[in-house]
Every structure is written in structure tokens, then in C-alpha cells.
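Structure, as C-alpha cells:
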Amino acid sequence: MMGIFGATTRASLVAFASLQTRKYSATTSRLAATNYLLHYDYIPDVLEKRGPYREGHLGVAKKLIAEGKCLSGGPTGDVGMEVPSGALFVFTDLESAELFVKEDPYIDAGIVTSHKIVEWNAVVSKDDN
């Protein structure tokens, strides 16, 4: 008994699944483009306390950007935030993310309450055809 799907439908589903698998495996080679995300959590009164350390914080980021090691960075928080709850930075290698944490004056000043570095592999992007 064939059930509600005929042999033609099953063959079409198998062909579709095969196409999707090939399409996915073609994108997995892009995993070589690994980046590293550094996420900071800030103290609630970050805006009041960051002043003396902000120039140094941005200086470390700008230095790594000039070297091609930091791609971008900036504050994060709830939609419509007035005060950021943290920050996110994108680095090209793990060592640069770790160096940023080591040299960032926000860490020693207690502006950052916690941080985490995670690996990020972009599989799709606007540049995909």
C-alpha cells in the first residue's frame, strides 16, 4: 500500500533533500572564516563611571582595528536602551580578543562585571550568491 504519498512524491522529496544537503555542504567550507565575539556585561551606572577610562578603552579597540584584528565593537542592551548593559566586539583571532580584555582599562576599573569570548562561524552573509 502506498499511503497518501505516491512514488512520484517520494522521489521528489528525496531529490529535494539531496539538493538541500549538497547546498548545505557547499556552505560548510566557509567555516574557515572563524571570528571571535567578545561580550561584556557592564555595571548599571556605566555612563557615570566610564569617563576617566573611555579614551583608553576606545584606544585599545582602535589600535586592534588598525591592525586588522578587531572588525567592530560597540554597546549592547535592550531595544531603545538609554544605558548600555554591555558591549560586543568582533575579532579575527582568539589572541586579539584576549589581548583586548587584558589591555582594556574598563576591566581594571570594574566597569565590566563579566566577559565571555565565543567562537563564531558565519555560514551565510549578504555576499552569498
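Karplus-derived 3J(HN,Hα) values for the range 70-79, using 6.51 cos²θ - 1.76 cosθ + 1.60 with θ = phi - 60°, are 10, 8, 5, x, x, x, 10, x, 4, 4 Hz; glycine and proline are entered as x. The simple spin-label model puts a point 7 Å past each Cα toward its Cβ; for D41 and V83 those points are separated by 1.6 nm.
Report the net charge of residues surrounding L94, where surrounding means a beta-carbon distance below 13 angstrom and charges are Lys +1, Arg +1, Asp -1, Glu -1.
Details: positive: K69, K102, K116; negative: D93, E95, E98, E119.
With Lys, Arg at +1 and Asp, Glu at -1, the net is -1.
Ordered from largest to smallest accessible area (heavy atoms of protein chains, 1.4 Å probe), the residues L99, L71, L37 come out as L71, L99, L37.
The values are calculated or read from the model by the stated rules, or taken from the named source; none is laboratory data. Because the structure is predicted, anything quoted here is derived from the model rather than measured. A quick note on method: Cβ atoms are made from the backbone with ideal geometry, for glycine too, and the neighbour counts reach across all protein chains shown. Just so you know, the surface numbers come from the protein's heavy atoms only, side chains and all, with ligands and any DNA or RNA stripped out. Shrake-Rupley method; radii C 1.70, N 1.55, O 1.52, S 1.80 Å.
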